[in-house]
Amino acid sequence: MSDLQIISVQDVIPIRRVTAISNSSPTLYRIQGPDFRKVTEVLLNGIPASVFVVDSPTVLLVEEPKALRDDRLRDIMILSSTFTLTERSVLRPKLGTALLSGLMSLAQLFTKILLSTPGRDVYSPELGGNLLSLIGQVAGSPDRPDLKTSFIQAIARTKDQIMGLQANRTTLPADERLVSARVLSVSFEPQTGTLRGRVELISMAGTAALVNLVA
């Protein structure tokens, strides 16, 4: 089975060291890591950097975005064109015409339903994990148990809905059929309003995808 691609999967490249280059205007950051040859996007506090240069395979130069110049740098995310569906990968929205199948199709279906709001689909009014209802509620301590519980409930609701939808689809490939969805971690960052969660999906074929959600 094939599905139209509406998300992209990109690996997050680990960072070893970040140094602000003195006397540069705008500020330039020298970032060291294992391999920057396939970098496609750099986010500083969630803001895309319009200028970055791969100075060497292990050194990346990044110009501070204008929107960040009145704020303190808290977070850097460097994304690669490769994907592995492991703890290094993140799922992000994408507009495109590519087709997906197998484990990628399952990961996309799960993400799509998880982010859907019940009542929006006139043919299936109860469909949706309603995760987006949590966005904007991130306040106070990042360890708020009520928000973590809501996240776990959204994952469980999405899993049950997908398994119900797939129950009678006898021709569905085993690597696209969901049998388990387990929350590995969830955190909320009140300062940036960011939700981060890691969910392990297991297909009937026994293959696993680690879905990292950043919203």
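Nothing in this text is a laboratory measurement; each read-out follows from the coordinates by a stated rule. These numbers were taken from a predicted model, which means no experiment stands behind them. Glycine also receives a Cβ, built like all others from the backbone with ideal geometry; neighbour counts cover every protein chain displayed.
Assign one of three labels to region 8-79, namely rounded, prolate or oblate, based on the Cα gyration tensor with a ≥ b ≥ c the square roots of its eigenvalues; rounded applies when a/c is under 1.5, prolate when it is not and a/b is larger than b/c, and oblate otherwise. Oblate is the answer for region 8-79, as a/c is 1.5 or above yet b/c matches or exceeds a/b. Computed about its Cα centre, the charge dipole of region 10-80 is approximately 160 debye, with only Lys, Arg, Asp and Glu carrying charge at their Cβ. With the cut-off at 29 Å, tell me which of the pairs K112/K148; K38/K112; K66/K159 have Cα atoms farther apart than that. Violating the 29 Å limit, Cα to Cα: K66/K159.
For D55, the residues whose amide H sits under 5 Å from its own are L60, L61, ignoring neighbours fewer than 5 places away on the same chain, with H placed 1.01 Å from N.
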